[in-house]
Amino acid sequence: MNNPMKLQLLSVTTFILLLYNCHVTIADLDLNSDAQSLLNFSSSVLHLRKLNWNSSNPVCTTWVGIKCNDEGTRVIAIHLPGVGLFGQIPLNTIGKLNKLKILSLRSNLLSGTLPNDLLSIPSLQSIYLQHNNFSGEITTLPSQITALDLSSNAFSGNIPELNLTRLRVFNISHNMLNGSIPVSLQKFPVSSFEGNSLCGSPLSQCSSLNTDVPPVPVNSKKHKKLSIGAIVGIAVGGFFFLLLLVALLLFFCCLKTKKEDSVGELKVQAVAPGKNEKSDDFGSGVQAAEKNKLVFFEGSVYNFDLEDLLRASAEVLGKGSYGTAYKAILDEETTVVVKRIREVGVPKKDFEQHMEFVGQLGRHPNIVPLCAYYYSKDEKLLVYEYMHTGSLSSLLHGNRGIGRTPLDWDSRVKITLDIAKGLAHIHSEGGAKFTHGNIKSSNILLTRDLDGCVSDLGLAPLMTALPTKSRCIGYFAPEVLETRKFTHKSDVYSFGVLILEILTGKAPIPSSGQEEVVDLPRWVRSVVREEWTAEVFDMELMKQEHVEEEMVQMLQIGLACVTKVPDMRPSMDEVVKMIADLRPLDSSDYRPSSDDNRSNVVTP
């Protein structure tokens, strides 16, 4: 190769390297600019829960609620629902993220008007700001937007005629808007506009008031008096008009009741063949006017509405402390669990905010994720992912006859550690006052790989009363029965009872035909005190070799958790470490679930 060609090749290579370095430098500058804009936003608003946004940490991989593009060069999504943001969104903060596609700040306490630069982001496609206190007029929106939810705020004024040809999801209900609905938005349902002073399709038609009223003469000195006959005629006419009005009201009330009774019939099959158990349809209390109110959480893989859910065939899975669970099959590929909960003691807005928080907190591999919820006056439904293997209770206690495949020790250790991790996450991320309150083996569900997942998260605070069924009381800490309040330490006690149940194969619930609650911790202590420790363990475990030492160590952990004095019980973080220390992480006999590292928690 001659010198001129070498020189030319060197020049081209140098140019490419310079171009690449320039590109990398610009990308870094863009990401740094995005990070600074987010830090400016964070410092300008109060937040009840601490965000881990810090300039020393990588934005795309560690910042809570932030998602970047595949190259990791720009911020494209903000997901911070229900984290207690308080105040106004300033100019030159979020509005400077010119590659932002999704903005979700729903169920916070944000107020004031929306800054113009935020509504002018050219790439913005989805805005979820429902359940805040935003005010002012809606003057402009990005033309490429596909989803907009501004419901339950305080926006006022008219809705402008905007060219939003890509809009697919739209909700501005429960604001203070007035005037006519633009023609381009009239394709959306009534539920998108209710709770305002709006008119026009799909609501009632707008009516113009007749302003040509003749003026009242002011110079007339004589006033004609009505005759007695006229007065009687007016009185009789008014009486019949009132009677007609009452009759119409009664007619419409009866018609509404009839419609509600015909909505949401659901085919329910018994769990066991031949068991003729009559069960309520979980759609029987769904109101016709609220059929579009099934609320999904962002990122949900499901795509169905409430009407699809009510048409699905279902079978009763069980009746628990807080309601009845149904397995609902929508199609060959979609099966979910619907929990119909009773005795909810909080109003709708508190329920919705609580569910938003629970939905975020449940994003952990060892918690059964809440996918959606429905709230009406007479019906509250929760939709969860379906766990095919069933509950820990059924694996421990179901069908102990011939042909049973027992749950081996390795699986029990793994499931126990999974449950501990899920509870530790709930305590650390939920805050000091957030507890589970209903830990028991029937609330531990298992994946096909026997990953343990905690279910019924966040239901205890919603209920009007403490569960009194004997199937729950055996798991409750002594102080719960006295104070009627759950704490982190009472959750630890319940988890300790669960460890003893896993070790002994005995459930802390009455045997068939008996009502007396089984005090499992007391029984275990009495056996250990008599130095008959081996008699404690499940006979199915005693058939295995080289596991007794680990079982004794696990027994000690369980007994530490069920100490009667709450302050002497370990925390769930300490329990996780104790269980993990039973076996080194590089042991070939025990491999933690690959899911342990897959979760990037959105809630701070």
Identify, by number, the condition in (1) part of a strand (DSSP E or B); (2) of a type outside the set (A, V, I, L, M, F, W, C); (3) in contact (Cβ under 8 Å) with a residue 40 or more places away in the chain that Ser107 doesn't meet. (1)
Among Val518, Val527, Val480, Val497, the single one that is farther than 23 Å from Thr324 by Cα and at pLDDT below 85 is Val518
Between a first residue in the stretch 297-322 that is in the same structural domain as His354 (by TED's automatic domain parsing) and in contact (Cβ under 8 Å) with a residue 40 or more places away in the chain and a second residue that is assigned to a strand (DSSP E or B) and among the β-branched types (Val, Ile, Thr), which pairs have beta carbons less than 6 Å apart while being 6 or more apart in sequence or on different chains? Ala312/Ile329; Ser313/Ile329; Ala314/Val268; Tyr322/Ile341
Hey, does the stretch 78-98 have a residue that's farther than 23 Å from Phe357 by Cα and either among the acidic types (Asp, Glu) or free of Cβ contacts under 8 Å to residues at least 24 places away in the same chain (or both)? no
Considering only residues that are surrounded by fewer than 20 Cβ atoms within 10 Å (Cβ to Cβ), among the hydroxyl-bearing types (Ser, Thr, Tyr) and under 29 Å from the mean Cα position of the chain (by Cα), look in the stretch 131-155 and name the one that is farthest from Leu105 (Cα to Cα). Thr146
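When you scan the stretch 159-185, how many residues do you find that are of a type outside the set (A, V, I, L, M) and closer than 25 Å to Pro122 by Cβ? Reasoning before the result, please.
So in the stretch 159-185, the residues of a type outside the set (A, V, I, L, M) come out as 160-161, 163, 165-166, 168, 170-171, 173-175, 178-180, 182, 184.
Within this subset, residues satisfying the condition of being closer than 25 Å to Pro122 by Cβ are 160-161, 163, 165-166, 168, 170-171, 182, 184.
The number of residues fulfilling the criteria is 10.
Out of the residues in the stretch 78-104 that are of a type in the set (Gly, Ala, Ser) and in a loop (DSSP other than H, G, I, E, B), which is farthest from Ser152 (Cα to Cα)? Please lay out each step first, then the result.
Restricting attention to the stretch 78-104, the residues satisfying the condition of being of a type in the set (Gly, Ala, Ser) are 82, 84, 87, 95, 104.
Among the residues that remain, those that are also in a loop (DSSP other than H, G, I, E, B) are: 82, 84.
Values: Gly82: 14, Gly84: 16 Å.
Ranking the candidates gives Gly84 first.
Collect the residues in the stretch 67-77 that are in a loop (DSSP other than H, G, I, E, B) and crowded, with 17+ Cβ neighbours inside 10 Å, keeping them in residue-number order. Break it down into steps so the answer makes sense when it comes.
So in the stretch 67-77, the residues in a loop (DSSP other than H, G, I, E, B) come out as 69-74.
Thr73, Arg74 - these are the residues of the stretch 67-77 that are in a loop (DSSP other than H, G, I, E, B) and crowded, with 17+ Cβ neighbours inside 10 Å.
Restricting attention to strands (runs of 3 or more DSSP E) lying wholly within the stretch 135-185, give those where 1 or more residues are under 25 Å from Gln205 (Cβ atoms), polar (S, T, N, Q) and assigned by TED's automatic domain parsing to the domain that holds Leu110.
On the way: elements: 147-149, 154-157, 169-171, 176-180.
Counting at least 1 such residues, we get 154-157, 169-171, 176-180.
The values are calculated or read from the model by the stated rules, or taken from the named source; none is laboratory data. Everything numeric here is computed off the predicted structure, so don't read it as measured data. All Cβ positions, even for glycine, are placed from backbone atoms using ideal geometry, and neighbour counts span all protein chains on display.
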